[in-house]
Amino acid sequence: MSLKKSHKSYPQAFKDEAVLMVLEQGYSVADAAKSLGVSTSLLYNWKEKHQALQQGIALEESERDELKRLRRENKELRMEKEIPKKGKRLLCERNEVKFRFIKQQSNLFPIAQLCRVMSVSKSGYYDWHKRPANVISLETLKLYRLIRQLFKQSRGSLGNREMVKKLRKEGYQVGRYLVRKIMHRLRLKVTQRRAYKVTTQRKHSDAVAENLLNMNFNPVSANQVWAGDVTYLKTGEGWMYLAVVMDLYSRRIVGWHIDKRMTTDLISKALMKAYNLRQPNRGLVFHSDRGSQYTSKQFSKLLSNYGIRASMGDVGACWDNAVVERFFGSLKHDWIFKVAQPTRVFMKQDVTAYMKYYNLERLHSANGDLSPVEFENSQLKVSSLA
């Protein structure tokens, strides 16, 4: 009666003793196998492995286990490195976008690993996978893309109110609730930074003009009332100073100049550019604060030569030039502070870009009276006087 073969496992110590009977005690492989009750071929295998270990050709059991573990970890690391290459642009996206990416890559990588790398839960992915897909129309997709584009163009400064105005101008009949919901869905959030204001003191010997404006910021036509002010802009190379001239009828910037020194020449050049662009009639009112540059004899003489009447706000009245202050707030919070300003040259280019965006793209509550052609002409005059 023949016995059925069984796959019996032997401890390592038993294998070592069997091999030593052949190598050290002079037993033949057949005699040692017979005395131990194992097959000759099995003992030959043990002997070959033992000799390979002695010669450094084969690995021990613990070394083989360690090698398997390292290979497994290396494979996982390679996959974790490969996954972000394909989807790193999605790491800041909402979970639905990540889930879609995981589904696309599930035939290449394990689901658990994809979820871990994309920072989402496995249960959340499977819940999403079970839900029926929401069908987004082409028109809705175009609206999403337009909102993203307008928000990016404004450097993240357009809130839902201004976004509604922009979209209606583009022909979309939308309300604030829908726009607010879409912006929340797309994670478009307006961020602002606080700025500080530094003022200059006039010389007591300089004359102060009467306040002709009295906080009436709404003239009935263009080139009746202009307002001017100066602000500080910080760069990696030091300060820059920006002087602007605004037509209060349209809220447009009709003249501006930027320099690394805050002198009377700074505000004079801004006014000269505005005057050369608009050629206003005599009697126009120019309103400013009582800073030393605006009360200087040099600037007063320039106003007189142009036939412009000076108007200055009262001491301590922070709202006397509120419209220009609001413009400076938009310039800094919505534009300048959103990117690094390493050099004065970069700052000047960035201010120029905002002037174009503000005058031609940004919506105003007042009337618009500066055409794109006029703006381009003003830029040529700015370049010639810079």
Legend entry - Residue tally, condition in contact (Cβ under 8 Å) with a residue 24 or more places away in the chain, touching a helix residue (DSSP H, G or I) at 6+ places or on another chain (Cβ under 8 Å) and not hydrophobic (A, V, I, L, M, F, W, C), over the range 120-156: 8
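Please pick out the residue among Val19, Val38 that is surrounded by 15 or more Cβ atoms within 10 Å (Cβ to Cβ), at pLDDT 75 or above and not in a helix (DSSP H, G or I).
Details: Val19 fails: not in a helix (DSSP H, G or I).
The match here is Val38.
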Legend entry - Restricting the range 237-259 to residues that are of a type in the set (Gly, Ala, Ser) and within 31 Å of the chain's Cα centre (by Cα), the residue that is farthest from Gln293 (Cα to Cα): Gly238
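List the helices (runs of 4 or more DSSP H) that sit entirely inside the range 120-192 and contain at least 3 residues that are modelled with pLDDT of 85 or more and in contact with a Lys or Arg (Cβ under 6 Å, 6 or more places away or on another chain). Explain how you work it out, then say what you get.
Numbers: elements: 122-130, 138-153, 160-169, 176-185.
Once the helices (runs of 4 or more DSSP H) in the range 120-192 are filtered for at least 3 residues that are modelled with pLDDT of 85 or more and in contact with a Lys or Arg (Cβ under 6 Å, 6 or more places away or on another chain), nothing remains.
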Legend entry - Long-range neighbours under 7 Å by Cβ, at least six apart or interchain, first residue outside any helix (DSSP H, G or I) within the range 340-355, second among the hydroxyl-bearing types (Ser, Thr, Tyr) and surrounded by fewer than 15 Cβ atoms within 10 Å (Cβ to Cβ): none
Inset, instruction - Please name all residue pairs, on different chains or six or more residues apart, with Cβ atoms under 6 Å, provided the first residue is in the range 248-268 and is touching a residue at least 24 places away in the same chain (Cβ under 8 Å) and among the charged types (D, E, K, R) and the second residue is surrounded by fewer than 22 Cβ atoms within 10 Å (Cβ to Cβ) and part of a loop (DSSP other than H, G, I, E, B). - result: Arg251/His364; Arg251/Ala366; Arg252/Leu370
Inset, instruction - May I ask you to list the residues in the range 93-122 that are hydroxyl-bearing (Ser, Thr, Tyr) and either under 22 Å from Arg185 (Cα atoms) or in contact with a strand residue (DSSP E or B) (Cβ under 8 Å, 6 or more places away or on another chain) (or both)? - result: Ser119, Ser121
Inset, instruction - Can you work out which of the residues in the range 226-239 that are surrounded by fewer than 23 Cβ atoms within 10 Å (Cβ to Cβ) and not small (Gly, Ala, Ser) is nearest to His287 (Cα to Cα)? - result: Thr231
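The values are calculated or read from the model by the stated rules, or taken from the named source; none is laboratory data. The model shown is predicted, which means the values in this text are computed figures rather than measured ones. Here the Cβ is made from the backbone with ideal geometry for all residues, glycine too, and neighbour counts use every protein chain on show.
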